[in-house]
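The values are calculated or read from the model by the stated rules, or taken from the named source; none is laboratory data. Since this is a predicted model, take the numbers as computed values, not measurements. Positions of Cβ are backbone-derived with ideal geometry, glycine not excepted, and every protein chain shown enters the neighbour counts.
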Amino acid sequence: MTSGQQLLRSRPIEHYDVVVIGAGVSGMYALHHFRQMGLSVRVYDGASDVGGTWWYNRYPGARVDGPGSPFYCYTFSDELMNEWDWAETQSEQSAVLDYLEHVADRFDLRRDIQFETWVQDARYDEAAQRWTVETGTGVRATAPFLICAVGALSTANMPDIPGIHDFAGECYHTGRWPHEPVSFEGKRVAVIGTGSSGIQSIPEIAKEAAHVTVLQRTPQYAFPAGNRPIPPEEMAEARAKWEAIKGTMLANIGGFPSDMPSRSALEDTPEQREALYEELWQVGGFRFFLGLYNDIATSEKANETLADFVRAKIRETVRDPETARKLMPDHFVMTKRPILEDGYFEAYNRDNVTLVDLREDPIERFTPTGVVTRSGEHPIDMLVLATGFDAISGSMLRLNPKGRGGMSLKGRWQDRFHNYVGMTIAGFPNLFMIHGPGSPGVFYNMPLGAERQMEWIGNLMRHMRERGMGAVEPTTESEEAWGNEVSGIANATLFPRTDSWWTGANIPGKPRYFSAYMGGSIYYMRLSDVAAKDYAGFAFEPAHDAEAEQAS
Ligand code: N01
C-alpha cells in the first residue's frame, strides 16, 4: 500500500442509509425520494453539478429529441409543474439543465451531493450487510442500500481506429463536450457518426466550419423535429389539466400523454397512409411515433410503408442524387432509435458538407493531420466523435461492483446482463440499478420512469424494515425467467433484427441481444404484481443485528 493509499484509508468512514451513484435525472430524484422517507442519503457524481447526461452532452444542436417539453419532466411535485415555464417543445440542452438546476435549488439537493467525486469501487460486506464505496477523492462511505443511477447513455464509445491517437488536431466526443465554447470558424471538421448526436450537431457545425466531412457507417431515418415555442396559454392549459395528463402518462406505454394507436398500417389504403404520414411529417416531433399505426415495429410490410415514405422525403430534400443514394437507410425504420432532425438532410445541399459512405469507403487510419479512407486522405483540423455510448449496461460494468464473495459484475455479466425486474442482480444484495438492462430505460419517459422505479424500491425497503430483513436479492431462477420475458417481448418485434446500441452491436465484444424491457407500462404493472405477491422471485435475509439482538 502506498503512503497516499494509507492516508486515504486513515480517513473516517461515513455511514448512510442509502448511497446513490450519479446526480443526473434519476439520482436527483433518488435523493429527494429517500430523504422524504426519512433516510440519510449521500450522492456522488464525477461532474461538478447536477444533470448527468444533460451536464455532459453540450454539443452544438443538443436538444430533447423525444416527446418534448413540458412532459419530459418530473411529475412528483405539482409546485414544480406550476412554477416552471418551458419555452420550446424540443428544449435545448441548456434549458433542460436550467430546469434540473432549479430542481436542485428548489429541493435543496446539493447539500447531500458530493460533486467531482468519482466512485472507483463498490463492494458488498456480507457480515455487515452493507455496501462500501470508495471514491477517487478518498471518501469511504457505507450504506445498506446502493442505488446505481449511473446513466443508460453515459459511458462514451471511443472508436478504436488505427492512428486515432496520433491525430494532432482538436478532438471532441459529443457526450464529453467541453464547457468552454468550441469554435469551428474556418476549420475543416470530420464528424464520425450519424445517430441522434451527429444528426443534431452536423447542421450546426456546418453553419460555421470551412468544411464538414461526415463519416457515415449506417444511414439513418430521421424525422422533422417540429420544434416550436410553447405559448403561455399552452403551458397554462397543461397545468390546468395536469392531473388528467399524468393519468394518461401513467397509462401510456412510453409514459407520454398520448393515446395508443389502435389501427394497423395495412388497414389503410396507400393514399390514406400517405396522408397520415404527411400530416405527421408536417407537425414533426414525436407525434410521428405516438400517433402512428400499431404495427410499424412488428410487421415487415407495415414497416416498409413508413420506410419508403421517409426514403422518398430524403430523395426529395437532398439535391445531389449520389449523396441521396448514400443517405438511404436500409434497415427496418424505428428499429434504431428514431431521430428528430432540424436541417440535417438540407445540410448536404451546402457546398461545405461532404458525405463519405464508410461501407463503400472505410476508414483505414488517422494521421496527425487527417483521416485516410480507402479512396484517399481527407485533411482535417478537428475530429468530432458522435459515436455514442456503451449504452444500458456500460456504466454498470464500468463501476463493476463486487457482490457476495467478492464476485465482480464483469464476471457475472459475461454472456448476458442477468437481472430481475430490471433493477436487481443475484449475488449483489440491496443494489438497485435505475434504467438498467431488463427495464424499459430509454423506451420510457425517463424522469417518470425514475420516479416509478424509486417508488418501488422505497416500498421494498419499507417491506424489509417492517419484517426485520437486512438483505434482498433475486434468485437466479427469477433472473432467468425475467430474461426470457424481456427477450420474448423483444422477439415479437423487428427491433432485435437491426444492429443498434439497443442490441449492443455498436460495441465490439458486447453480448448481442436486446436487453431493454419493451412496453414500459406493462413493466410497471409487472413491478406491482411482484410487490403484491410479497416480492415473489426475491430471497430475503434477516438483518444480522436483529438476529444478534434476538440471540442475546
Ligand atoms: O449515438 P448512436 P448518439 N466507426 O449510437 C457510429 C440519445 N440521445 O450519441 O449506426 C464509424 O445513436 C454509429 O454507426 P452505426 C438517444 O437515445 C438523445 O448519436 O453503429 N462509425 C452511429 O452512426 C440516442 O439514440 C439526445 O453503424 C461509428 C453513431 O456513430 C442515444 O442517445 C441527443 C463507429 C453513434 O450513434 C445515442 O445517440 C442525442 C465507428 N467505429 C442522443 N462507432 C437528446 O434527446 C460508432 N459509429 C437530446
Practice problem: Keeping to segment 247-275, report how many residues are at pLDDT 95 or above and in a helix (DSSP H, G or I). | Solution: 9
Quiz item: When you go through (1) within 14 Å of the ligand (Cβ to nearest atom); (2) in a loop (DSSP other than H, G, I, E, B) one by one for Gly198, which number turns out not to apply?
Solution: (2)
Quiz item: So Asn430 clears everything in (1) within 16 Å of the ligand (Cβ to nearest atom); (2) modelled with pLDDT of 95 or more; (3) crowded, with 20+ Cβ neighbours inside 10 Å except one condition, right? Which one?
Solution: (1)
Quiz prompt | Every residue from segment 370-385 that is without any contact (Cβ under 8 Å) to a residue 40 or more places away in the chain and polar (S, T, N, Q) | solution = Ser375
Quiz item: Has segment 334-347 got at least one residue that is surrounded by fewer than 17 Cβ atoms within 10 Å (Cβ to Cβ), within 16 Å of the ligand (Cβ to nearest atom) and at pLDDT 95 or above?
Solution: no
Practice problem: For Lys326, work out the one condition from (1) surrounded by 17 or more Cβ atoms within 10 Å (Cβ to Cβ); (2) farther than 24 Å from Pro270 by Cα; (3) within 12 Å of the ligand (Cβ to nearest atom); (4) of a type outside the set (Phe, Trp, Tyr) it doesn't fulfil. | Solution: (3)
Quiz prompt | Scope segment 369-399; condition at negative phi and in a loop (DSSP other than H, G, I, E, B); matching residues | solution = Thr369, Arg374, Ser375, Ile380, Asp381, Ala386, Thr387, Asp390, Ala391, Ser393
Quiz prompt | Residue in segment 514-543 that is nearest to the ligand (Cβ to nearest atom), counting only those that are at pLDDT below 95 and not aliphatic (A, V, I, L, M) | solution = Gly520
Quiz item: How many residues, within segment 370-386, are within 21 Å of Ser201 (Cα to Cα) and either surrounded by fewer than 21 Cβ atoms within 10 Å (Cβ to Cβ) or of a type outside the set (A, V, I, L, M) (or both)?
Solution: 5
Self-check item: In segment 349-369, residue surrounded by the fewest Cβ atoms within 10 Å (Cβ to Cβ) [restricted to those that are in contact (Cβ under 8 Å) with a residue 60 or more places away in the chain and away from the ligand (no atom under 15 Å from the Cβ)]
Solution: Pro368
Self-check item: Scan of segment 167-195 for residues that are closer than 17 Å to Glu377 by Cα and in a loop (DSSP other than H, G, I, E, B), ordered by number
Solution: Phe167, Ala168, Gly169, Lys187
Quiz item: Exactly one of (1) assigned to a strand (DSSP E or B); (2) within 13 Å of the ligand (Cβ to nearest atom) is unmet by Val19. Its number?
Solution: (2)
Quiz prompt | Every residue from segment 506-547 that is of a type in the set (D, E, K, R), loosely packed, with under 13 Cβ neighbours inside 10 Å and closer than 23 Å to Val472 by Cβ | solution = Asp529, Lys533, Asp534, Asp545
Quiz item: Which of the residues belonging to segment 202-235 are near the ligand (Cβ under 9 Å from one of its atoms) and within 16 Å of His173 (Cα to Cα)?
Solution: Leu215, Gln216
Quiz item: Taking the stated definitions as given, is Gly449 surrounded by fewer than 17 Cβ atoms within 10 Å (Cβ to Cβ) and either among the small types (Gly, Ala, Ser) or within 18 Å of Leu397 (Cβ to Cβ) (or both)?
Solution: no
Self-check item: Selected residue (only one of Glu185, Glu180 is touching a residue at least 24 places away in the same chain (Cβ under 8 Å) and away from the ligand (no atom under 16 Å from the Cβ))
Solution: Glu185
Self-check item: Boolean, Ala302 is farther than 30 Å from Arg188 by Cβ, away from the ligand (no atom under 14 Å from the Cβ), part of a helix (DSSP H, G or I) and of a type in the set (A, V, I, L, M)
Solution: yes
Quiz item: What are the residues in segment 324-345 that are hydrophobic (A, V, I, L, M, F, W, C), over 17 Å from Ala302 (Cβ atoms) and either touching a Leu at 6+ places or on another chain (Cβ under 7 Å) or in contact (Cβ under 8 Å) with a residue 60 or more places away in the chain (or both), if any?
Solution: Leu327, Met328, Ile339, Leu340, Phe345
Quiz prompt | Filtered residue count, segment 208-231, keeping only those that are touching a residue at least 12 places away in the same chain (Cβ under 8 Å) and either within 30 Å of Glu279 (Cα to Cα) or in a helix (DSSP H, G or I) (or both) | solution = 15
Quiz item: Looking at segment 400-417, which of its residues are assigned to a helix (DSSP H, G or I) and either hydrophobic (A, V, I, L, M, F, W, C) or in contact with a Ser or Thr (Cβ under 9 Å, 6 or more places away or on another chain) (or both)?
Solution: Leu409
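Residue-by-condition table, conditions (1) among the charged types (D, E, K, R); (2) within 25 Å of Val20 (Cα to Cα):
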residue: Ser48; (1), (2): no, yes
residue: Tyr59; (1), (2): no, no
residue: Asp65; (1), (2): yes, no
residue: Ser69; (1), (2): no, no
residue: Phe76; (1), (2): no, yes
residue: Glu83; (1), (2): yes, no
residue: Ser91; (1), (2): no, no
residue: Ser94; (1), (2): no, yes
residue: Asp98; (1), (2): yes, yes
Quiz item: When you scan segment 325-354, how many residues do you find that are more than 23 Å from Val371 (Cα to Cα) and small (Gly, Ala, Ser)?
Solution: 1
Quiz item: Just a yes or no: is a residue in segment 288-298 more than 30 Å from Asp160 (Cβ to Cβ) and free of Cβ contacts under 8 Å to residues at least 12 places away in the same chain?
Solution: no
Self-check item: Filter result for the condition that a residue is surrounded by 14 or more Cβ atoms within 10 Å (Cβ to Cβ), of a type in the set (Val, Ile, Thr) and away from the ligand (no atom under 16 Å from the Cβ), over Thr503, Thr493
Solution: Thr493
Quiz item: Could you say whether any residue in segment 267-289 is crowded, with 19+ Cβ neighbours inside 10 Å and polar (S, T, N, Q)?
Solution: no
Exercise. Only residues in segment 386-412 that are among the hydroxyl-bearing types (Ser, Thr, Tyr) count as the first member; pair them with residues that are away from the ligand (no atom under 16 Å from the Cβ) and in a helix (DSSP H, G or I), Cβ under 6 angstrom, at least 6 apart or cross-chain, and list the lot.
Key: none
Exercise. Report the residue count in segment 23-38 for those that are touching a residue at least 24 places away in the same chain (Cβ under 8 Å) and surrounded by fewer than 18 Cβ atoms within 10 Å (Cβ to Cβ).
Key: 2
